[in-house]
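Below you'll find the structure, written out as structure tokens, and then a few comments.
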Amino acid sequence: MNTKIFDEARKKGTMRSFFNPDEFVLTKIQSEDKNCNQCGLFKFAKSPKMEITGKGKKNILIIAEAPGKTEDEKNKQLTGSAGEFFRSKLNPLGIDLDEDCWKTNAVRCRPFTETAQSEKNRAPTKKELQLCRNHYLKFIEKEKPKFIWLMGKSAIESFYSGRFSDDSGTDLTPTRWRGLCIPDPTVNAWVIPMFHPSYAMRNEYDDLTISQYERDIRFAIQCLKKPLPTFFNPYDKVECLTSFNHARSVLQDIIHNPPEIFSFDYETTGLKPFNKGHKIVSVSYCDSKDVAYSFPLQHISFNKDQWQILCNLWNQILVNDAKKVAQNLKFEDVWSQQILNTKPYNWHWCTMNASHILDNRASFSGLKFQSFIRWGIEDYDKEMRSFIRSKNGSEFNMIEEAPLDKLLLYNGIDALLTLKLYHEQRKEMSENQLKVMTLFNQGLDALADIQMNGICASKEFYQQTNNELEQKIINLFKELHSSDEAKLFKKEMGRDINFTSDHDMRILLFDILKLKSEKTTDSGIKSVDAEVLNTINIPLTKKLVAANKLDKVKGTYIGQFLREIDQTGKMRPFFDLHKADTGRSSSSSPNWQNVPVRDEDAKKYTRSGIFPSKGNIILGFDYKALEVSICACISQDPELIKYCADPTKDMHRDQATELFVLKKDNVSDSLRFYAKNGFVFPEIYNSYYKSCARNLWEIMHKENLKTKDGIDTIDHLIDVGVCGDRIDYQGFEDHVKKVETKFWRRFNKVKQWQDRMIAFYMKYGYIELVTGFRCQGYMSRNKIANSPIQGPAFHCLLYSLIHCHNKLLDLGAKSKIIGQIHDNLVFDCDPSEKEDLKEMATKIATVQIREDWDWIIVPLMVSWEGTLQDSSWFTQIKGV
DNA sequence: TTAAACTGCAA
DNA sequence: TATTGCAGTTTAA
């Protein structure tokens, strides 16, 4: 396969070819007979080794999955029902499958399984895909198609599998790759992955799937206008400054002649710089499309005096007036602050976040992935990856052991591609996307500082708690293992039971003890979660639920905290803006957005070791009913607006009066809570009466919910004639159905708005949130209803976070923001600043935001909560 | 070794 | 026939 095309493509440059030209997976071609014998499918096929068919007048090679029954019989690809479906989509767009395209399958012979009645089509295995790849690679070499359409998971796997050695390409699902037109130097063609027609056909009656599938086909056809792809070699454009004098003079040049904009990138000894021993090993810098510089900073090849000189020069560049660009700017920001004691000035763009704003699909924002789908640059950090791995499971990697030339080259390419990516992204963004980009960039800048601030936590406390819990858990499991049930299990199975194994619990509860299962998991097997165990309610399951709870607290929370509390006595979670589908934030290491609060025990174990700084209080605010307010703003529903505009009104309480047939003053707090979380929210997010009724019914039985008068809710519902007796679920469901009808009659503008969003999505393939964030990819109706509320609600919090943070900096306040939980902002507050801070933040969050964002047409409200001086987060109370 | 499934915590 | 996240364990590939 070492033919001209491939050699030329290689000369034009891909990373893989640079390191080792012989390692093209696609070019590894073995003898065909050998492969076919190893696979063996041809022996059973009616049409073995099916030849590629079609005239290919428009230079399109279509790779589908494998011949099905019909194809195998007719000896022709895409002639079964899925093929006909595909033709019916192509014909109206002027494409004739047989005239304009070549057709083949990732596997040429029919794979099937024999059942008693018939032979059933099956998907090809990984091995079969790999062994059959040669046939189309040879064809590509000979016929040079300009476009390759990969239809379905098998084709995508066949074409790409083995070409990525990191996680940037391991997710080879059509959802991840569809809608792209990828220049590929190994075949000198455009590659367009999409769903297999059989997938679309299976969802023929789901108009959301079909609308997207048809759009993808139109996209693929539009791409036919493109000229052949061109490629560039980033290796030629990196200048590695291995000599100290050279590095110094380049930095001095930059200082004397600062550019308007530049990108930079660090290679470091780990992910967080806060513990002793961390270094910025090398730096790369790029201010033009032709050259990137990279040089060692705190690297063994220079001495410490030289480190100091280079750090001083680099610091001057970090604070110059130039616009700064980085892939994951929080990272470069935090390392600059911690290691170099310098906050970069004038952050302009985070390419990682911009990738997320341009396409909110999961795993889309990595620089390697973007470089591949945009420029066909493949796997360029291959030789560095082993050095970026953790050293002996510690927080340090092995980067200092990497050869300097490879380190600098890889580092330099990152800066080069980052700047190139920025220029493309800047052109691609709509005006509204630019708006949200600005918000996010400011947010990232502030979130970097918030990670710097950190959260005070007591390692001693968590160590002690860990030991205490460990004893309790050991004792609980000891008791469980000495139970009769455990002995029964051993007798039946001939081995000891593992109580933390769902599999073993299923055997014990449902096979051995013959108990009834209450519900199923996603994949349809019997569930053994806490709800099921609680319903079974025998001493064994009670004990197991208790043990599981403590195990969760110890393993998930205390474990993370102990790992993450650093030598300065703080934990410093990441708060990211490039993950959530809806443009929300996420948090990790540790995840600070799911620390227990409802369960009192779990709350105490986890929150009692989190403190304000010495002499301070933890102080924070929640937006009140923020998502309901956002829903009112964007749907402009007059009834909902009325509720939001009048603080004396309480829609959840009102809804509780209808659901539970009560007078307003007889609604208890818990009934209000379940009206809100069991009915209002689910309804707004497209749930329906049956699901709501079922959940409410179960909760009423389980929790023995009472009215404010202290009467059992179910008894009350029987009294007023909703139910005949305590097991008359149907009566309750009928009632909830009527409540739902009334609810949507009242808030009918919300329903209408949801319908408009769905119609927009079907037409354009995306929806745009009021803040400018776009949601695309496949979306269910529920997601379309939810995202435009969830996203902007968080964006309100982000606005407040940015402005509060900047205000505190301007004022030189001692108080700091330390965290954020979707609609909640947390400060480490000096008590002398408390009242001023509350006034300032409340004004920003409720007044200033409405001056800047005129789409907010209802009043926003916040409620404050806080701890006493030097008291832990566990002691936080409302209304301080 | 890695990925998927299951579970459980938050908003 | 409610959404978004992160992380732990077990199990299968």
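The values are calculated or read from the model by the stated rules, or taken from the named source; none is laboratory data. A quick note: this is a predicted structure, and the numbers were derived from the prediction, not measured. Note that we place each Cβ from the backbone using ideal geometry, even for glycine, and neighbour counts take in every protein chain shown.
Quick notes
- Of the helices (runs of 4 or more DSSP H) contained entirely in the stretch A:774-878, those carrying at least 2 residues that are farther than 21 Å from A:Leu577 by Cβ and within 16 Å of DNA strand C (Cβ to nearest atom) fall at A:781-811.
- Of the numbered criteria (1) within 23 Å of A:Cys804 (Cα to Cα); (2) in contact with an Asp or Glu (Cβ under 8 Å, 6 or more places away or on another chain); (3) crowded, with 19+ Cβ neighbours inside 10 Å, the one A:Gly583 fails is (2).
- The set of residues from the stretch A:78-133 being more than 16 Å from A:Ser198 (Cα to Cα), of a type in the set (A, V, I, L, M, F, W, C) and surrounded by fewer than 18 Cβ atoms within 10 Å (Cβ to Cβ) comprises A:Leu93, A:Ala116.
- Tally of residues being over 12 Å from A:Asp184 (Cβ atoms) and in contact with a Cys (Cβ under 9 Å, 6 or more places away or on another chain) across the stretch A:357-383: 1
- In the set A:Ala813, A:Ala785, A:Ala759, only one residue is of a type outside the set (Asp, Glu) and buried (at least 21 other Cβ atoms within 10 Å of the Cβ); that residue is A:Ala785.
- Of the residues A:Ile558, A:Ile565, A:Ile536, the single one that is surrounded by 15 or more Cβ atoms within 10 Å (Cβ to Cβ), more than 10 Å from DNA strand C (Cβ to nearest atom) and touching a residue at least 40 places away in the same chain (Cβ under 8 Å) is A:Ile565.
- Pairs where the first residue, in the stretch A:279-298, is closer than 18 Å to A:Gln316 by Cβ and the second is of a type in the set (Lys, Arg) and modelled with pLDDT of 95 or more, C-beta under 6 Å, 6+ apart: A:Gln298/A:Lys279
- Listed conditions (1) surrounded by fewer than 17 Cβ atoms within 10 Å (Cβ to Cβ); (2) touching a residue at least 40 places away in the same chain (Cβ under 8 Å); (3) not in a helix (DSSP H, G or I) are all met by A:Val722, apart from (1).
- Matching residues in the stretch A:49-64 - criterion: being out of contact with any Cys (no Cβ under 6 Å at 6 or more places or on another chain) and crowded, with 23+ Cβ neighbours inside 10 Å: A:Met50, A:Leu61, A:Ile63, A:Ala64
- Residues of the stretch A:106-152 that turn out to be assigned to a loop (DSSP other than H, G, I, E, B), more than 17 Å from A:Asp72 (Cβ to Cβ) and touching an Asp or Glu at 6+ places or on another chain (Cβ under 9 Å), as a count: 1
- Applying the set (1) at pLDDT below 95; (2) closer than 23 Å to A:Ser586 by Cβ to A:Asp379 leaves exactly one unmet item: (2).
- Taking helices (runs of 4 or more DSSP H) as the structural unit, those lying wholly within the stretch A:527-640 and holding at least 1 residues that are at pLDDT below 95 and more than 30 Å from A:Asp359 (Cβ to Cβ) correspond to A:530-536, A:539-552, A:559-564, A:600-607.
- Entirely in the stretch A:1-100, the helices (runs of 4 or more DSSP H) that have 2 or more residues that are modelled with pLDDT under 70: A:4-12, A:15-19
- Boolean, A:Leu696 is surrounded by 15 or more Cβ atoms within 10 Å (Cβ to Cβ), over 38 Å from the mean Cα position of the chain (by Cα) and away from DNA strand B (no atom under 16 Å from the Cβ): no
- Inspection of the stretch A:365-383 finds no residue satisfying the criterion of being under 22 Å from the mean Cα position of the chain (by Cα), outside any helix (DSSP H, G or I) and surrounded by fewer than 17 Cβ atoms within 10 Å (Cβ to Cβ).
- Total residues in the stretch A:184-210 satisfying the condition of being crowded, with 16+ Cβ neighbours inside 10 Å and not in a loop (DSSP other than H, G, I, E, B): the figure is 15.
- Residues within the stretch A:437-493 that are surrounded by 14 or more Cβ atoms within 10 Å (Cβ to Cβ) and within 30 Å of A:Gln338 (Cβ to Cβ), tallied: 27
- Which numbered condition A:Gln776 misses (of (1) more than 19 Å from A:Ile630 (Cβ to Cβ); (2) under 23 Å from the mean Cα position of the chain (by Cα); (3) within 16 Å of DNA strand B (Cβ to nearest atom)): (3)
Per-residue answers, yes or no, for (1) in contact with a strand residue (DSSP E or B) (Cβ under 8 Å, 6 or more places away or on another chain); (2) more than 15 Å from DNA strand B (Cβ to nearest atom):
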| residue | (1), (2) |
| --- | --- |
| A:Ser587 | yes, no |
| A:Asn591 | no, no |
| A:Val597 | no, no |
| A:Asp646 | no, yes |
| A:Phe660 | no, yes |
| A:Lys663 | no, yes |
| A:Tyr674 | no, no |
| A:Asn677 | no, no |
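- Residue check, A:Asp566 away from DNA strand B (no atom under 11 Å from the Cβ) and under 19 Å from A:Pro590 (Cα atoms): yes
- Filter pass, A:Phe561 being away from DNA strand B (no atom under 16 Å from the Cβ) and not small (Gly, Ala, Ser): no
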